[in-house]
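Rule-based calculations on the coordinates, nothing more; no lab input. Nothing here was measured: the structure is a model prediction, and the numbers come from that model. Heads up, the Cβs are rebuilt from the backbone with ideal geometry, glycines too, and the neighbour counts pull from every protein chain shown.
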Amino acid sequence: MSGAQPASREGAIPGERERKAAAVMTIVFFIIGLSVILSYDWGAPTPQFRPDAGLVILLGILISAIIYIAARYAATGPGAFGMGLRFCPECGRQIRFDATVCPYCNRPLP
Ligand SMILES: [Zn+2]
């Protein structure tokens, strides 16, 4: 996999975060595009924007903004490698986010 592409950016690791960010951006643009399509009145003889087009587009932008902010927050939150990881409060080691018991010290987790 690595080595096939020219290293345009210095030391850029094509890691989990980058792929997640790309996926989030795809979802964001998809929702904005969908809201524009939905705000269009395709049934009319000459396709035109619905009277409530602004509201639909606003809603789409709002939803995508929430997804984007939530994804950014999750990426910078506990677990430096993005979603799915956190640290055990007892031994401080990195564990799965959905773990109920620490695999290292067997401490029950909330
Ligand atoms: Zn632990």
How high is the relative contact order of the range 16-76, in percent, counting Cα pairs under 8 Å that sit 6 or more residues apart? 40 percent
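Quick one: T26, T46, fewest Cβ neighbours within 10 Å first, how do they rank? Can you show the working numbers first?
On the way: T26 10, T46 5.
In order of increasing Cβ crowding within 10 Å: T46, T26.
Test of understanding: ordering V101, V28 by Cβ neighbours within 10 Å, fewest first, what list do you get? Walk me through the intermediate numbers first.
Values: V101 12, V28 19.
Result, fewest neighbours first: V101, V28.
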